[in-house]
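Only one structure is covered here, and it is reproduced in the block below.
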Amino acid sequence: MHCGLNTECDWLIPTKEQLYSENSLMAGRRVVVFPSSAELGPVLAQLVTSRAEKAIMSHGRFTLGLSGGSLVSMLSKELPALPDLDCSKWVVAFCDERLVSFDDPESTYGLYKGQLFSKVNIPDSGILTIDSSLAVNECAEDYTRKLKEAFPDGDVPVFDLLLLGMGPDGHTCSLFPDHPLLEETKKIVAPISDSPKPPPQRVTMTFPVVNSARCVAFVSTGGSKAPVLKEVLEGREGPAFPAARVVPTNGELFWLVDDPAAASLTIQVERLGSGAKL
């Protein structure tokens with residue numbers, strides 16, 4: 001099912017009742033706990049490469065959405081360490097990006113360029129970056145155009161894998177609690193000029209894109225995430241956090257977390273070590 005840019009994709013933004021109903025989210029979600037991020041990293045790299053191989057066999061390329069934060073250093077350490085890694089058929093986009101120059105330490109692309117892209121053979125044409133010289137609204141429109149060119153077959157891009165993080169306030173991408181962008185159903189990339197977390201100007205993928213992915217993997221580590229992780233995965237009073245509203249319509253959903261982040265969970269989880277495969 002596709003939704004055009006002039007139609008609404010409400011079906012891609014689940015209600016709180018749908019999120020926590022007994023038969024919806026829980027069946028398709030895997031919560032995997034590792035002793036520490038040191039064991040999590042190699043399994044994340046294996047997940048990326050296994051989904052890449054599957055995608056390339058299926059449709060000739062692998063489309064990957066990246067997020068910033070701790071994912072940058074984790075992927076930059078683990079992916080280049082894999083033997084025979086071939087990224088020549090990868091297309092990489094950013095789940096959100098800060099509207100700063102690429103040499104600014106807040107630039108997600110800039111961090112990946114310095115730490116990962118220089119070590120692997122993703123073609124330059126396969127890395128979809130924002131135009132940071134544009135005003136935020138035009139930047140979002142320009143990135144929408146780039147995604148539409150990279151995904152010409154449907155109204156909403158369908159990524160093979162999106163890698164997401166979560167802030168201690170429950171935000172993911174640049175979709176923040178109580179922000180109007182949570183209800184965006186028409187745009188695939190939206191501008192935000194009042195981010196509660198600096199820098200204030202950003203562009204972000206919206207829920208229709210995130211929930212169309214074939215696979216979504218959250219990575220959440222550290223004890224500071226424990227209280228919000230419990231509310232995201234087990235429910236809370238009041239509106240569901242943005243991260244809890246990531247429920248792929250026809251895709252896999254992984255939560256890869258370490259023991260400190262999982263400390264407050266009471267739900268059943270899987271416990272794996274660094275040699276595991278997902």
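Filter segment 260-273 for residues that are open to solvent by less than 60 Å² (accessible area, probe 1.4 Å) and either in contact with a Pro (Cβ under 9 Å, 6 or more places away or on another chain) or among the hydroxyl-bearing types (Ser, Thr, Tyr) (or both); which is nearest to PRO177 (Cα to Cα)?
SER264
Could you list all residues from segment 156-188 that are farther than 20 Å from PHE218 by Cβ and touching a Lys or Arg at 6+ places or on another chain (Cβ under 9 Å)?
ILE188
Do you know which residues across segment 219-238 are at negative phi, outside any helix (DSSP H, G or I) and touching a helix residue (DSSP H, G or I) at 6+ places or on another chain (Cβ under 7 Å)?
Of segment 219-238, the ones at negative phi are 219-221, 223-234, 236-237.
When the remaining residues are screened for being outside any helix (DSSP H, G or I), the result is 219-221, 236-237.
Scanning segment 219-238 gives VAL219, SER220, THR221.
Which of (1) out of contact with any Leu (no Cβ under 7 Å at 6 or more places or on another chain); (2) among the basic types (Lys, Arg); (3) buried (at least 18 other Cβ atoms within 10 Å of the Cβ) is the odd one out, the single condition LYS148 does not satisfy?
Of everything listed in (1) out of contact with any Leu (no Cβ under 7 Å at 6 or more places or on another chain); (2) among the basic types (Lys, Arg); (3) buried (at least 18 other Cβ atoms within 10 Å of the Cβ), LYS148 misses just condition (3).
Consider only pairs whose beta carbons are under 8 Å apart and that are at least six residues apart or on different chains; among these, list those whose first residue lies in segment 55-66 and is open to solvent by 10 Å² or more (accessible area, probe 1.4 Å) and whose second residue is among the small types (Gly, Ala, Ser) and assigned to a strand (DSSP E or B).
Partner pairs satisfying both residue conditions: none exist.
Kindly indicate whether any position in segment 74-86 is over 27 Å from GLY273 (Cα atoms) and at pLDDT 95 or above. Show your work before the answer.
Of segment 74-86, the ones over 27 Å from GLY273 (Cα atoms) are none.
Scanning segment 74-86 turns up no residue that is over 27 Å from GLY273 (Cα atoms) and at pLDDT 95 or above.
Of the residues LEU85, LEU75, LEU71, which single one is open to solvent by 30 Å² or more (accessible area, probe 1.4 Å) and among the hydrophobic types (A, V, I, L, M, F, W, C)?
On the way: LEU75 fails: open to solvent by 30 Å² or more (accessible area, probe 1.4 Å); LEU71 fails: open to solvent by 30 Å² or more (accessible area, probe 1.4 Å).
Exactly one residue qualifies, and that residue is LEU85.
Among ARG245, ARG202, which is in contact with a strand residue (DSSP E or B) (Cβ under 9 Å, 6 or more places away or on another chain), open to solvent by less than 10 Å² (accessible area, probe 1.4 Å) and charged (D, E, K, R)? Don't jump to the end; show me each part of the working.
Values: ARG245 fails: open to solvent by less than 10 Å² (accessible area, probe 1.4 Å).
The conditions single out ARG202.
Out of PRO152, PRO177, which single residue is touching an Asp or Glu at 6+ places or on another chain (Cβ under 7 Å), assigned to a loop (DSSP other than H, G, I, E, B), farther than 30 Å from PRO83 by Cβ and not aromatic (Phe, Trp, Tyr)?
Working: PRO152 fails: touching an Asp or Glu at 6+ places or on another chain (Cβ under 7 Å).
Among PRO152, PRO177, only PRO177 is touching an Asp or Glu at 6+ places or on another chain (Cβ under 7 Å), assigned to a loop (DSSP other than H, G, I, E, B), farther than 30 Å from PRO83 by Cβ and not aromatic (Phe, Trp, Tyr).
Considering only segment 222-242, how many residues are touching a residue at least 12 places away in the same chain (Cβ under 8 Å) and either of a type in the set (D, E, K, R) or open to solvent by 60 Å² or more (accessible area, probe 1.4 Å) (or both)? Walk me through it before giving the result.
Here is the first cut: in segment 222-242, the residues touching a residue at least 12 places away in the same chain (Cβ under 8 Å) are 222-235, 239-242.
Subsequent filtering for residues that are either of a type in the set (D, E, K, R) or open to solvent by 60 Å² or more (accessible area, probe 1.4 Å) (or both) retains 224-225, 227, 230-231, 234, 239.
Number of matching residues: 7.
Determine whether GLY110 is of a type outside the set (Lys, Arg), open to solvent by 50 Å² or more (accessible area, probe 1.4 Å), within 22 Å of GLY41 (Cβ to Cβ) and in a helix (DSSP H, G or I). Working first, answer last.
Numbers: of a type outside the set (Lys, Arg): yes; open to solvent by 50 Å² or more (accessible area, probe 1.4 Å): no; within 22 Å of GLY41 (Cβ to Cβ): yes; in a helix (DSSP H, G or I): yes.
So GLY110 fails the test.
The values are calculated or read from the model by the stated rules, or taken from the named source; none is laboratory data. Quick caveat, the model's predicted, so the values are computed rather than measured. Quick reminder, even Gly has a Cβ in these numbers, built from the backbone with ideal geometry, and neighbours come from all protein chains shown. With ligands, DNA and RNA removed, areas are computed over all heavy atoms of the protein, side chains included. Shrake-Rupley method; radii C 1.70, N 1.55, O 1.52, S 1.80 Å.
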